[in-house]
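The values are calculated or read from the model by the stated rules, or taken from the named source; none is laboratory data. Because the structure is predicted, anything quoted here is derived from the model rather than measured. All Cβ positions, even for glycine, are placed from backbone atoms using ideal geometry, and neighbour counts span all protein chains on display.
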Amino acid sequence: MSVSQRLASAVSISLALAATLSAQTGPSPAFIFSHQDMRLSYLANAVIWRDPGPLTPDDIRMGPAAALPEAIRKGSSGEVIDCRFERPGTELGGATEKFSCITPDGRSVRIKYYDGHGGNREVFAEVIATRLMWALGFDADPMFALTVNCIGCPANPHTGEGARQTRKYAAAYEPHYAGTIITSSKDPEQGWRFGEMEKAITALPQGALRVRQHMQFDALTLLGVFMQHGDRKHSQQRLVCRGNIDVSKGDLHDLQAGESGSFKLPVLFEHPDEHACIGDSVVTIQDVGATFGGAGMFTRSSAKINLKEWAGNDIWSTKASKGGASECIGHMTVSGSAGSEAAENPRISEAGRTFLLEQLKRLSPEHVKAIFEAGHLDQMGDTYEWTDKSTEKSYTGLDAWVAAFLDKVKQIESRRCPA
């Protein structure tokens, strides 16, 4: 779900949060408008990784703590939930197949669904990708897998067309994102680009902070290769402030937003050379639905949770480096819509490779299986098979995904990169 599609709810949520932020006076802004140099400072110093602490396979199946409606909480724990159809996806914005429905406790929720007929495979991929990122310590908007009885559902819930009856769907729910968007553009979809982040970190003074940021960002970049997150246009990444906002560091104004200016957004325009975000700036990934498949120029269905395509893409590219130097180049084609600075076939440092490997090694085969179980892959209906070329041992079902995952970890482990 894009930022724009969620801004209306951001207003009410951010206003409610204002009362809980002790250093903040006045209404909470929906986003912070920062001068370009200050935004790049936020970006360079942003939190990239946090230690997730010890997690059990059950923790991974359950997912991160999030503000979930009670019905969704039950659904994410395995219950089939009833939800009365409300609005078709075409009225909710975006092309992803979705609909809104009313839970038994009267909550309106937005649901992505999979109809089993070549439909929205992001329902599975995004849950798995966000669960992996969380388990490793990288920030992403969480997703929760559900099974929904859509009561009074049209034959096509996305368009609202067709006869209505109760229909069961594999589905996914995305809570509202945490934090206040930081932008230097009046477009909240500005996000950030991988190349832009690299340049911002490089501009930091020499020292421990720059070394740490480069290491963790290289690890995040390599994780993108691991998952084949090629659909990385700037609007898929978000820069946010988590924690307190000092509204005295700027001027708060309402901006018209929505179709025909249907609602107002409180926006904090920062004063020059002042940081209104006195909490943490955080880089997060807001959409990793086109993952665990084969990334390419076009975001096809094969780019989303396709074992043959994903396992067939090695971690490291065989492309020759400049001057013939031995470098680690990640093997990944980015989508044509990603634009410049999308870090296609990115170069990875030894520090970044080692750091990501350390996080991946924290996951046992049971942890890895729990990640795929969290995505309810059994409801997709595909047949999964994978053969380890080094041992000629074959795997089926979720075991095939786990084995292919561990093989990619081995590919990272077996390589050494220049310092």
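Summary table below
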| item | result |
| --- | --- |
| Subset of region 185-209 that is among the polar types (S, T, N, Q) and surrounded by fewer than 19 Cβ atoms within 10 Å (Cβ to Cβ) - its residue that is farthest from GLN236 (Cα to Cα) | GLN206 |
| Residue identified as at pLDDT 90 or above and out of contact with any strand residue (DSSP E or B) (no Cβ under 9 Å at 6 or more places or on another chain) among ILE315, ILE371 | ILE371 |
| Of residues in region 337-376 being among the β-branched types (Val, Ile, Thr) and under 22 Å from TRP401 (Cβ atoms), the one nearest to the chain's Cα centre (by Cα) | ILE371 |
| Criterion: at pLDDT below 95 and in contact with an Asp or Glu (Cβ under 9 Å, 6 or more places away or on another chain) - qualifying residue of GLU189, GLU196 | GLU196 |
| Condition broken by ILE278, with the remaining ones in (1) at pLDDT below 75; (2) more than 30 Å from ASN120 (Cβ to Cβ); (3) within 27 Å of the chain's Cα centre (by Cα) satisfied | (1) |
| Qualifying residue in region 284-304 (condition: buried (at least 22 other Cβ atoms within 10 Å of the Cβ), in a strand (DSSP E or B), in contact with a Phe, Trp or Tyr (Cβ under 9 Å, 6 or more places away or on another chain) and at pLDDT 85 or above) | yes |
| Unique residue being of a type in the set (Ser, Thr, Tyr), touching a Pro at 6+ places or on another chain (Cβ under 8 Å), over 30 Å from PRO272 (Cα atoms) and surrounded by fewer than 22 Cβ atoms within 10 Å (Cβ to Cβ) when the list is THR103, THR90, THR147, THR166 | THR103 |
| Matching entry among LEU220, LEU239, LEU204 (being touching a residue at least 12 places away in the same chain (Cβ under 8 Å), under 17 Å from THR180 (Cβ atoms) and of a type in the set (A, V, I, L, M)) | LEU239 |
| Tally, over region 62-87, of residues that are over 21 Å from ALA178 (Cα atoms) and surrounded by 19 or more Cβ atoms within 10 Å (Cβ to Cβ) | 4 |
| Unmet criterion (only one of (1) more than 25 Å from GLN359 (Cα to Cα); (2) in contact with a strand residue (DSSP E or B) (Cβ under 6 Å, 6 or more places away or on another chain); (3) not in a strand (DSSP E or B); (4) not basic (Lys, Arg)) for GLN206 | (2) |
